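The values are calculated or read from the model by the stated rules, or taken from the named source; none is laboratory data. Bear in mind the structure is a predicted one, so any value in this text is a computation, not a measurement. Positions of Cβ are backbone-derived with ideal geometry, glycine not excepted, and every protein chain shown enters the neighbour counts. These accessible areas exclude ligands, DNA and RNA; they are computed on the full protein's heavy atoms, side chains included. Shrake-Rupley method; radii C 1.70, N 1.55, O 1.52, S 1.80 Å.
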Amino acid sequence: MEMETILDVQELKAYYRILKGDVKALDGVSFQVRRGEILGIAGESGCGKSTLANTLILRKKPLRHMAGTATLLGKDIMTMPEEEFQRLRFREISIIPQYALDALSPTKKIKTFITDMAHEHGIPTNAAFLGKVAERFAMVNLDKNVLNKYPIELSGGMKQRVIMIISTLMNPALVIADEITSALDVSSQRFAASMLMGLRDQKIIGSAIFITHDISILYQIADRLLIMYAGHAVETGPVDELINSPRHPYTQALINSLPKVGAQIKHQRLEGIKGTPPELLDIGPGCRFRFRCPYQTKVCAQTPPTEDISEDHSIACWHYEKIGSEGVG
Amino acid sequence: MLDDKKGKTPIIAAENLGKVFTSGVFVREQTVAVQDASFEMLPGTVLSLIGESGSGKTTIGKLMLKLIKPSSGKLFYHGQDITTIKSKDALRDYYRKVQGIFQDPFSSFNPLFRVDRVFDMVYDVFLPDVKNREEKTAEVLRSVNLNPKRTMHQFPHQLSGGQLQRLLIARSLLLDVDVLVADELISMLDASTRMGILNLLVDICRERGMSILFITHDLALGYYISDYTMIMHRGRLVEKGATGKVYQKPIHPYTKMLFNSVPDIGHKWDKNEAFVPEHVNREIAAFYRKNAGQGFEYVDPDHGVLLSVE
C-alpha cells in the first residue's frame, strides 16, 4: 500500500548550543508522515520529541539545525528563508504547542485573539471568516458566546478546544500537536484526542504528528508510532504491531511499564526501567539506551543502523533478532 | 463504612467533613470545596481518591494534613478528633505520624541547601535523641532503593524527579508514619520511573501497616495500586468502595463517564460514540431526580454510591 508522503524527514540533527558545548537533543532522526495519517511520537522527558516539533516549525535559538532535511510537500523547510516559511505557517503546517492554554492573553477576549491572529498572517477577517469560526465552534460543542469571553472564564478543556480550532482554521496539510492532552482531565483528554482524529476524518486537516509521553492515548488515535529515546528514533511501526509486539528493548520496557486493563499490583506487578536517560551534552556515538539495557554488549558502543524488519516496521538495535518480540516481558 | 469485615480498626475516620472557602471583601462569595465527605482509612491499605481538577480532592488531603480547617464535620485519628487540637505539642505528635508528599518534588526542596536538610529537620523537630543520624538516614535511603553514597550531600538539581520523590518517601519512613497523603505523587514522573515508586509505596504500606491516601486523576494507576477507591465530583464523594467493585460495576453516571474516557491499552474508544464530557451534568441531574430522597446508599457492604442530593 503506497501512500503519498507529505513530510519526509531525513537524518535531522538539531542541537542546543550552550556555553559548555552542544546538547545533542535531536541526533539523526528520520521518518515520514503520509497523507491522512496520524503519526504518534512518544518518549519520556528529554527524549527530543518537543525539540523535534520546535525544529520543524518554530526555529528559534539556542536550538540550531545542524544537519539533515525536512521536506514538506516537496520543499525543504530547513533551508527555507524565514519569510517564505512564514507563508506556510498556519496555512500548510500548523502547531498546537505545549502549554498553549496559557498562551491566550488574559486581557483579550477570544474573538480579539482570533482576529489578531488572522491579521498577523494576512487573513481577512470578513463575514465569511467569522462564519467559519462559528461553524467550527459549533462542531465541537462550543457556544457562540465563547467568542465574547475572556480566557479565565473557560475551563482547561474548553480552552484546548478553542486553541485547536484556531490552529486548524486554515485547513493545514500538517498539524503538529505537542502534548495537547497532558494538562487536561481524563474526560477532556478523550475529547481533545478524538477531536484531532475527527478533524482528520473530515479532511479539515491533512495529517497530524501527535507528540506525547502518554502511549495509551496514541494507542487510541494514532495510525503509526515513532518511539524516541535520548534524541534517537529507536522504533517505528503500525500502532497495533508496535504495542502488541514491540521489538526494541526500550519499547518493550516502556510498554511493560504501562498499566493495562485489569492489572492490579495484587495480581500482576509491573516494573519500571532502572536508571535514567544519559546526559546529552557532547554525547558520543553508540546506542543511547545501552546504559539501561539488559542486552547490552560491546557492539552497542557503535550507533546501530536503522533496519526494516517488515515493510512498515523499522528498528535501531544491534540485537533485535536475538531478542525477539517477547523480550524480558 | 467501607469494609470492617476484616476487623481492622481505621487509623483515620472522616465524618461528614466539609470545607467552604469564602472570598471577596465587600460581597462575600462562598465556594463549597468539600461537602459531606465520610471515609475510613485502614492499616496496610491504599485508598485512592480520584477526581478531575476542581473536584476538591486536594482539599481533602489538606484537611487531613491540617493545613486548612474544616468548616464542618469531624476527622478522627485513632479515635481522637483532631480537628480540635491546637497546642503545638499535640500538633507535633500528629505530624510525627501523618505526613504528605506532593506532586512537584523540586518545590519540596530548597535549592540552596543539600538534600540532607530535609532529614536534619526531621531529626531536629521530631527525633532530637537520635545519635547516629548518618547511619539511620542511610538505612532508610537503602529501603527506598537509593544509594546513600550517591544521594546524600547532593543538591536537589543534581538528582532526578524520581530520586527526589524517593527521598521524600524515605523521610516519611524515618518518622515511621501511620498515614501518608500522596497528592499526585507520580504525575510529574516518566512512565518508566513511576512504576518503581508505586511498587515501593505499596510494599512499605503492606510491610509497615501504613495507610496511604493516594490522590490522583489517573484512573489506570489508581486501579493498579489501590485496595479502596473513592470517586469525587464537585466536592462530593459520589461513589466509593472496594476498587474492583467500583471499577467493574460503576453506578454513578459520573464514574461511568470517567471510566469511559480512560485510554486503555487493549481497548479502543468507540469512534461512533458522540462523546461530550459536559453532557454528564445532565445525566447526573436526571440520575438524582430519579432516585430522589435516597441519599448515599450501599448496594453492597463495600460499595456505596450517592443516589441523590437533598
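Observations, loosely collected:
- Alpha carbon convex hull of region B:125-182, projected area averaged over orientations, nm²: 4.5 nm²
- Accessible surface comparison of B:Met257, B:Met188, A:Met117, probe 1.4 Å, protein chains only, largest first: the order is B:Met188, A:Met117, B:Met257.
- Here chain A is described by how far its Cα atoms reach on the three principal axes: 65, 51, 44 Å, from widest to narrowest.
- Gaussian network model of chain B, Cα within-10 Å springs - most flexible of B:Asn16, B:Asn272, B:Asn199: B:Asn272
- Within-11-Å neighbourhood charge of A:Ile41 [Cβ basis; K, R +1; D, E -1]: 0
- Here, region B:176-232 has an Rg and a Dmax of 11.0, 29 Å when only alpha carbons are counted.
- Estimated FRET transfer efficiency when R0 is 22 angstrom, pair B:His279-A:Glu135 (beta carbons, to 0.05): 0.60
- Protein-protein interface of region A:172-206, residues with accessible area decrease of at least 40 Å², isolated chain reference, 1.4 Å probe: A:Asp185, A:Val186, A:Ser187, A:Arg190, A:Phe191
- The distance from the alpha carbon centre of region A:189-205 to that of region B:246-299 is 23 Å, rounded to a whole number.
- Normalised by residue number, the volume inside the convex hull of the Cα atoms of chain B is 169 Å³ per residue.
- GNM flexibility winner over chain A from A:His232, A:His248, A:His121 (Cα, springs under 10 Å): A:His121
- Threshold 40 Å² - residues in region B:171-195 whose accessible area is reduced by that much or more when the chain is no longer isolated, probe 1.4 Å: B:Asp190, B:Ala191, B:Ser192, B:Met195
- Restricting the calculation to Cα atoms, the protein assembly as shown shows an Rg/Rh of 0.97 when the hydrodynamic-style radius is the Kirkwood one.
- Spatial extent of region B:1-91: Rg and Dmax, with the Cα atoms as the point set, Å: 14.7, 52
- Under the simplified labelling scheme, the A:Lys149-A:Thr69 pair shows an inter-label distance of 4.7 nm, with each label point 7 Å from Cα along Cα→Cβ.
- Rounded is the label for region A:80-205, because the ratio a/c of its alpha-carbon gyration tensor axes (a ≥ b ≥ c) stays below 1.5.
- Between B:Asp116 and B:Ser160, the modelled label-to-label distance comes to 2.5 nm, taking each label 7 Å out from Cα in the direction of the beta carbon.
- Using the 1.4 Å probe convention, the accessible area of region A:275-323 works out to 59 Å² per residue with neighbouring protein chains retained.
- Amide H partners (placed H, <5 Å) of A:Gly40, local residues excluded: A:Phe210, A:Asp223, A:Arg224, A:Leu225, A:Leu226
- C-alpha long axis of helix A:127-139 to longest principal axis of chain A, angle in °: 50 degrees
- Rolling a 1.4 Å probe over the protein chains gives B:Asp270 an accessible area of about 80 Å².
- Three semi-axes describe the equivalent ellipsoid of region A:199-257; taken as square roots of 5 times the Cα gyration tensor eigenvalues and ordered largest first, they are 23, 12, 10 Å.
- Radius, Kirkwood style, for region B:197-310 when every pair of distinct Cα atoms is counted (Å): 15.6 Å
- Approximate shape of region A:1-114 as ellipsoid semi-axes (Cα gyration tensor, √5λ), whole Å, largest first: 24, 21, 15
- For A:Ile95, residues with placed amide H under 5 Å, excluding near neighbours: A:Phe90, A:Ile176
- Relative contact order of region B:252-310: 32 percent, from C-alpha pairs under 8 Å at least 6 residues apart in sequence.
- Carbon and sulfur %, accessible surface of region B:190-285 computed with the full protein complex present, 1.4 Å: 48 percent
- Note that region A:167-236 carries a Kirkwood radius of 12.8 Å, evaluated over its alpha carbons pair by pair.
- P(r) for region B:87-226, from all Cα pairs and a bin width of 10 Å, is 11, 43, 37, 9, 0 %, short bins first.
- Value of Rg/Rh across region B:1-158 [Cα atoms, Kirkwood radius]: 1.02
- The loop-placed GluC sites (Glu not before Pro) in region A:243-329, going by DSSP, that have at most 16 neighbouring Cβ atoms within 10 Å of their Cβ come out as A:Glu271, A:Glu279, A:Glu311, A:Glu326.
- In percent, rounded to a whole number, the relative contact order of chain B is 22, using alpha-carbon pairs under 8 Å and six or more apart.
- Debye equation applied to the C-alpha atoms of region A:214-314, log10 I(q)/I(0) at 0.11, 0.16, 0.17, 0.25 Å⁻¹: -0.38, -0.78, -0.87, -1.44
- For the protein assembly as shown, the share of DSSP beta bridges that are antiparallel, to the nearest 5, is 60%.
- Across region A:34-82, Cα-Cα pairs farther apart than 17 Å form 44% of the total.
- Heavy atoms of A:Trp318: accessible area, 1.4 Å probe, square angstrom to 10: 90 Å²
- For the options B:Ile231, B:Ile85, B:Ile101, a Gaussian network treatment of chain B with springs between C-alpha atoms closer than 10 Å singles out B:Ile85 as fluctuating the most.
- Helix axis angle, A:110-120 relative to chain A longest principal axis, alpha carbon, degrees: 80 degrees
- Summing both sides, the accessible surface hidden between B and A at a 1.4 Å probe radius is close to 3800 Å².
- For region B:2-61, trypsin sites (Lys or Arg not before Pro) are listed when DSSP marks them as loop and at most 11 other Cβ atoms sit within 10 Å of their Cβ; the list is B:Lys5, B:Lys6, B:Arg28.
- Mean sequence separation of contacting Cα pairs (under 8 Å, at least six apart), scaled by the length of region B:154-310, corresponds to a relative contact order of 16 percent.
- Unit Cα scatterers, Debye sum, region A:244-285: log10 I(q)/I(0) for q = 0.15 Å⁻¹: -0.52
- Largest-first ellipsoid semi-axes for region A:1-65, taking √(5λ) over the Cα gyration tensor eigenvalues, angstrom: 26, 12, 10
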